[in-house]
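Scroll down for the structure; my scribbles are underneath it.
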Amino acid sequence: MKKIVVSLLATAVIGAAAQPARRTVSLVVTGGTVLTENAAHRTLSPGAVAIDGTDIVDVDTSAVIAAKYSARETIDARSDVVLPGLINTHTHAPMVMYRGLADDLALMDWLQKYIFPAEAKTVSPEMVRVGTRLAALEMIESGTTTFADMYYFEEEIAKAAVEAGLRGVLGETIIQFPVADAKTPADALARAEKYIQEFKDNGLVVPAVAPHALYTNDKTTLVASAELGRKYGVPVLIHFSETEDEIKLARDQYKMTPAAYLESIGFWGPKTLAAHGIWVTDDDIAILKRRGVGVAHNPESNMKLASGAAPVVKYLKAGVALGLGTDGAASNNDLDMFEAMRQASFLAKHAMHDPTAVSAQTALDMATIGGARALQMDALVGSLEAGKRADLITVSMGAVRQTPLYDPVSHLVYVTRGDDVRTTIVNGKVLMKDRQVRTLSRAAVVADANRLAQKVREAVK
Ligand SMILES: [Zn+2]
């Protein structure tokens, strides 16, 4: 095991007179193979990332960074790969509390017989807090730095995310039937508006509106949700074209595909993020492209619920911004984005009978810069470039299953697991170092979750 060396270099001025003055920065991560995920896919080995406060100030070879900067804290990443933090574009963080509660069912059965009833009895601000802390711990430990979320009591998720140090695009759910935090869609919209006002200027959280789906909301609610998003310039998140049932429902009720129906009511906008997008026609893809809609692809959830295989290659060819997601842990059953990358690649290859369909590099792009684009955050995150926020991870490459190492991108996608992540940094803050999470007490988070699980167990008896 390599040791991460922290050196306080505040006094490292010996010989400075003979050299140009070095700028003091807060943190330098140096010595690893740096995959920038910039437009040219620049790789530096050994490379370094200089960070000051919340921002990346420079990315270059270790030698150049050492000559230009002195750091208050240094992370030695010599045996690691350094890359942008992973972006989970679709999840329901507190649903980690329903992990393994009901498996091996079709989406509508799973939702209506298990998940919705369990939620009706157990969703509360406390459940959301406890669940989100557990999810945040799992995300930090597995290298996710930004997550897009749709759930209830979303303000509790936002508070927990900020405390954990994670970045989030966090959408308050709007749904037609009475739920734990709202009796009517109008209540939910009012809640969402208050929540948006509260978190509008937060440095980590982007508040959002999350109409659950076309099949769980009527036209008035869908339109009002989109309008609320536009009023505040915040994202609108929706489940979209996930199952063949949804397509049939749209055909029966509206004589249109879900994409065409949502287009006809003026729902789509450049800040919409559509999760799944499996059953789409070429015309649907053209609508999404024209409206600048981002798509969250969730290969594991889609396979587990046998929902289908999204036409990933068509989306990419059409230039639709495509990110990766895990979906809620109840349909995955974890939040490991390395697994999501691997399954995105495998599912596309399998579905298209084409091993070249989604390469390791394409899967990595989807989990980083692609996700940032889908969330309209690519000016801030998604790649390691000067001026962007310092969201990055270092991943150990020393495991037996990672030996030998010829190509770090291949290893990240095909053999790496979330627990190979060694360091997680968000907004310039080190959330995990040498697998020790600094912002959450592991023991307390796990104990709280196990205590709450007792209530869930009772509720579904
Ligand atoms: Zn979902």
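Cβ-Cβ contacts under 7 Å between residues 6 or more apart (or on different chains), taken from a first residue in region 300-319 that is closer than 19 Å to LEU364 by Cβ to a second residue that is at pLDDT below 95 and open to solvent by 30 Å² or more (accessible area, probe 1.4 Å), are absent. Just so you know, in region 112-129 the residues that are open to solvent by 10 Å² or more (accessible area, probe 1.4 Å) and hydrophobic (A, V, I, L, M, F, W, C) include one that is nearest to LYS433 (Cα to Cα), and it is VAL123.
In region 310-339, the qualifying residues are those that are of a type in the set (A, V, I, L, M, F, W, C) and out of contact with any helix residue (DSSP H, G or I) (no Cβ under 6 Å at 6 or more places or on another chain), and the one that is nearest to the ligand (Cβ to nearest atom) is ALA310. Checked against (1) farther than 28 Å from GLU119 by Cβ; (2) within 16 Å of the ligand (Cβ to nearest atom), ASP365 meets all criteria but (2).
Considering region 221-249, the residues that are basic (Lys, Arg) and closer than 18 Å to THR173 by Cα include one that is farthest from the chain's Cα centre (by Cα), namely LYS231.
Please work out if ALA386 is of a type in the set (A, V, I, L, M, F, W, C) and within 26 Å of GLY203 (Cβ to Cβ). Yes: the conditions hold for ALA386. Within region 1-48, being over 18 Å from VAL409 (Cβ atoms), of a type in the set (Val, Ile, Thr) and either touching a helix residue (DSSP H, G or I) at 6+ places or on another chain (Cβ under 8 Å) or at pLDDT below 50 (or both) holds for ILE4, VAL5, VAL6, THR11, VAL13, ILE14, VAL28, THR30. Residue count for region 131-151, restricted to those that are within 21 Å of ARG457 (Cα to Cα) and open to solvent by less than 10 Å² (accessible area, probe 1.4 Å): 4.
Does ARG389 satisfy the condition of being crowded, with 18+ Cβ neighbours inside 10 Å, of a type in the set (Lys, Arg), within 23 Å of ASP80 (Cβ to Cβ) and in contact with a helix residue (DSSP H, G or I) (Cβ under 7 Å, 6 or more places away or on another chain)?
Details: crowded, with 18+ Cβ neighbours inside 10 Å: yes; of a type in the set (Lys, Arg): yes; within 23 Å of ASP80 (Cβ to Cβ): yes; in contact with a helix residue (DSSP H, G or I) (Cβ under 7 Å, 6 or more places away or on another chain): no.
In short, no.
Close Cβ contacts (under 8 Å, 6 or more residues apart or on different chains) running from residues in region 24-37 that are closer than 14 Å to ILE393 by Cβ to residues that are outside any strand (DSSP E or B) and of a type in the set (Lys, Arg) comprise GLY32/ARG78; THR36/ARG42. Only one entry of THR221, THR243 meets the criterion of being surrounded by fewer than 23 Cβ atoms within 10 Å (Cβ to Cβ), touching a helix residue (DSSP H, G or I) at 6+ places or on another chain (Cβ under 6 Å) and at pLDDT 95 or above, and that entry is THR221.
Which residue out of ALA459, ALA379, ALA447 is more than 20 Å from the chain's Cα centre (by Cα), open to solvent by 20 Å² or more (accessible area, probe 1.4 Å) and of a type in the set (Gly, Ala, Ser)?
None of the others qualify; the one that does is ALA447.
In region 64-80, is there at least one residue being under 30 Å from GLU156 (Cβ atoms), touching a residue at least 24 places away in the same chain (Cβ under 8 Å) and either in a strand (DSSP E or B) or open to solvent by 20 Å² or more (accessible area, probe 1.4 Å) (or both)? No - not one qualifying residue is present in region 64-80.
Name the pairs whose Cβ atoms lie under 7 Å apart, with the first residue in region 88-104 and more than 11 Å from the ligand (Cβ to nearest atom), the second part of a loop (DSSP other than H, G, I, E, B), and 6 or more positions between them or separate chains? Sorted first by the residue in region 88-104, then by its partner, the pairs are ASN88/GLY325; ASN88/THR326; ASN88/LEU335; ARG99/ASN333; GLY100/ASN333; LEU101/VAL460. Scanning region 110-117 for residues that are within 14 Å of the ligand (Cβ to nearest atom) and among the charged types (D, E, K, R) turns up nothing. Considering region 122-174, and only residues there that are part of a strand (DSSP E or B) and acidic (Asp, Glu), the residue that is nearest to VAL82 (Cα to Cα) turns out to be ASP149. Screening ALA275 against (1) in contact with a strand residue (DSSP E or B) (Cβ under 9 Å, 6 or more places away or on another chain); (2) surrounded by fewer than 17 Cβ atoms within 10 Å (Cβ to Cβ); (3) of a type outside the set (S, T, N, Q) leaves a single unmet condition, (2). Does at least one position in region 433-441 carry a residue that is part of a helix (DSSP H, G or I) and open to solvent by 10 Å² or more (accessible area, probe 1.4 Å)? Checking region 433-441: not a single residue is part of a helix (DSSP H, G or I) and open to solvent by 10 Å² or more (accessible area, probe 1.4 Å).
The values are calculated or read from the model by the stated rules, or taken from the named source; none is laboratory data. Just so you know, these numbers come straight off a predicted model, no measurement behind them. Quick reminder, even Gly has a Cβ in these numbers, built from the backbone with ideal geometry, and neighbours come from all protein chains shown. Heads up: the accessible areas ignore ligands, DNA and RNA and are worked out on the full protein's heavy atoms, side chains in. Shrake-Rupley method; radii C 1.70, N 1.55, O 1.52, S 1.80 Å.
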